[in-house]
Structure formats: C-alpha cells, structure tokens
1. Hey, got the dipole for the chain? About the Cα centre, +1 on K and R Cβ, -1 on D and E Cβ, debye to the nearest 20?
2. If the only charges are +1 at each Lys and Arg Cβ and -1 at each Asp and Glu Cβ, what is the size of the charge dipole of segment 58-130 around the Cα centre, to the nearest 20 debye?
3. HN-Hα J couplings of segment 92-109 from phi, Karplus 6.51/-1.76/1.60, θ = phi - 60°, integer Hz, Gly and Pro as x?
4. Just to check I understand the Karplus step: with θ = phi - 60° and J = 6.51 cos²θ - 1.76 cosθ + 1.60, what whole-Hz values come out for segment 19-32, glycine and proline as x?
5. Return one number: the angle in degrees, 0 to 90 and rounded to the nearest 10, between the long axis of the Cα atoms of helix 43-61 and the longest principal axis of the Cα atoms of the chain.
6. Can you give me the relative contact order of the chain as a percent, contacts being Cα pairs under 8 Å and 6 or more apart?
7. Please work out how much accessible surface R148 shows to a 1.4 Å probe, ignoring ligands, DNA and RNA, in Å² rounded to 10.
8. Which residues' amide hydrogens lie under 5 Å from the amide hydrogen of K11, considering only partners 5 or more residues apart or on another chain, with H built in the peptide plane?
Amino acid sequence: MRWFWIDRFTKFVRQSHASAIKNVTLAEEHLHDYFPGASMMPNTLVLEGMAQTAGLLVADAIDYQEQVVLAKVGSAEFQFDVLPGDTLLYQAEIVEMMAGGSIVRVTSRVGNRQHGEAELYFGHVSASASVPRLFHTDGMLRWLDSLRIFDVAVNMDGSPIIRNENWQG
C-alpha cells in the first residue's frame, strides 16, 4: 500500500473495536490540490482512513488468513471540512462477521465533534493465481509496527496481543 491515511492506533480490541488517529498537516500535497486556495482533507481520503482502520481490525479478526478488501460503502455522511492542524480520530466497531465478508461501523471525530460516520462492507478473499497477494508477511508486520498496534492491541479478555514473527499473512 502506498498511501497511509492513519498515523497510529490508540486502541485495538481483537474482534471488537479499534481507534486510530490521523494528524492532518499542511505538508500533505493532497490538501493543496483538492480545492486550490482552500486547504482541506477530502472526505474520500477520510473515508479511506476509516477503511484502513476497519480493514486491519477485520484482517486481525480472521487471523490474516484471507485478504480483506473494501467491497462496498453502505453509507457515509460527513458534517464539516477537515483542515490542516486537525487530528482525526477514527473509531471502528465490527457489526457482523460472516464467512465471506464483514460489516463495520466507523466514525471520525475532530476533537469533541463528530465529523463523519460510515458503514463499510469488506470481502474476505483468498490469494490465488488470479488474485495477487496484497501484502507479504514482512511488509505487513512493518506496517503494523509503524502504526504501533502492538503497543495497544489486546484480546477481548484484556490480555495483550503479541507480535508474531511467524505470522503467515
């Protein structure tokens, strides 16, 4: 993945819910290209941050045995523009897990204001000759490390999730 729309996880409860943040800065080129002269983060990219937060929660819930791809945005609504200097808080909660996919409810907040909410549908897809693997183990572990997921990740009983070098994603 080339573009990362979350900076780090602040909470991660396996098979349940997660929170992540995205700091929006003037250094990001996309802020200047969307509406020239009015720097803001496009809601499509906020939605991508929501999907990355939710997608990692789902991928972990199925133990990274299949690839998790955003299949459908069931609904999405945003209340105001996100500006440079804002910190987005994404909160994802698994609503339903099924054999072939999952449903996750995600919100975005800036400070104490709710910015947006969405219902996202993810497909669970096995890698094959016709479906290339999206991530390899070392790349996925590096990404999870950079998001500091293992600093906050816990199982539903509160026990910590330990980084597994032998994960076969």
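1. 120 debye
2. 100 debye
3. These are the phi-based 3J(HN,Hα) values: 10, 9, 5, 9, 8, 10, 10, 4, x, x, 8, 10, 10, 9, 10, 10, 10, 10 Hz.
4. Couplings: 10, 9, 10, 9, 8, 9, 10, 5, 6, 7, 4, 4, 5, 8 Hz.
5. That helix lies at roughly 20 degrees to the long axis.
6. Working: 342 pairs, mean separation 44.9, N = 169.
About 27 percent, as a whole number.
7. The accessible area comes out at roughly 120 Å².
8. Under 5 Å from the amide H of K11: S19.
The values are calculated or read from the model by the stated rules, or taken from the named source; none is laboratory data. Note that the structure is a prediction, hence the values are computed from the model and not measured. Cβ: placed from backbone, ideal geometry, glycine included. Neighbour counts: every protein chain shown. Ligands, DNA and RNA are excluded from the accessible area calculation, which covers all protein heavy atoms including side chains. Shrake-Rupley method; radii C 1.70, N 1.55, O 1.52, S 1.80 Å.
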